[in-house]
1. Which of the peptides 139-148, 74-83 is most tightly packed, and how do the rest follow, judged by the mean count of other Cβ atoms within 10 Å per residue?
2. Long-range amide H contacts for residue 95: which residues qualify at under 5 Å (H placed 1.01 Å from N, peptide plane, sequence gap of 5 or more or a different chain)?
3. Please arrange 167, 103 by accessible surface area, largest first, computed with a 1.4 Å probe and ligands excluded.
4. Going from most exposed to least, what order do 107, 156 have by accessible area with a 1.4 Å probe?
Amino acid sequence: MTELDDALASIHSRFEANRFVSQPAIRALTTTLGIDISVESAGAPAQHFIASATKPMLAVALLRQLAVSGLSVDSLVRDIIPTEMAGIPHADELTVRHLLSHTSGMFNYWSVHGLAAHRGPQPLAQWANEHPGWSIDDVIELTQRNPAAAEPGQKFAYCGTNYQLATRVL
């Protein structure tokens, strides 16, 4: 095992996933009218909208794969997934580091009708269930059709497109 494997195993051993809520789950959602609080009963099966909680896991898996493959975070994404990067603005400059650090400057597919449009008291999980996601091919097509928001590395801007493409790199 490597030092990274040992560290991940140590972290993993301290957490136990449970598919049932063992304590009352309280969700507070800030709205324009105040705070909406809902409570689920203890022990009730619960569905959780995990959204960006998977990004750190993807990043770790991708970093490990880069190391095994002899690549680095400074590798050009187009050299790894050339077909997907064809037609994406600044594709010749985008590195894996740009994707993982949200500094790619790429168009954010959520801005079409996604998170940017989510306002009001409706819990995000309910909203997400009513607005099905996009396939990676949809994300790529939207990114190809829309201009970049910035030059790669110019600034940080949270962008779901980065991690969608990172899944293809992995």
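The values are calculated or read from the model by the stated rules, or taken from the named source; none is laboratory data. If you're wondering where the values come from, they're calculated on a predicted model, not measured in any experiment. Every residue, glycine as well, gets a Cβ built from its backbone with ideal geometry; the counts of neighbours run over all protein chains shown. To get the accessible areas, we keep the full protein, side chains included, count just its heavy atoms, and leave off ligands, DNA and RNA. Shrake-Rupley method; radii C 1.70, N 1.55, O 1.52, S 1.80 Å.
1. Numbers: 139-148: 17.5, 74-83: 15.2.
Per-residue mean Cβ counts within 10 Å order the peptides as 139-148, 74-83.
2. When sequence neighbours closer than 5 places are left aside, the close amide H contacts are 77.
3. Accessible-area ranking of 167, 103, largest first: 167, 103.
4. 156, 107
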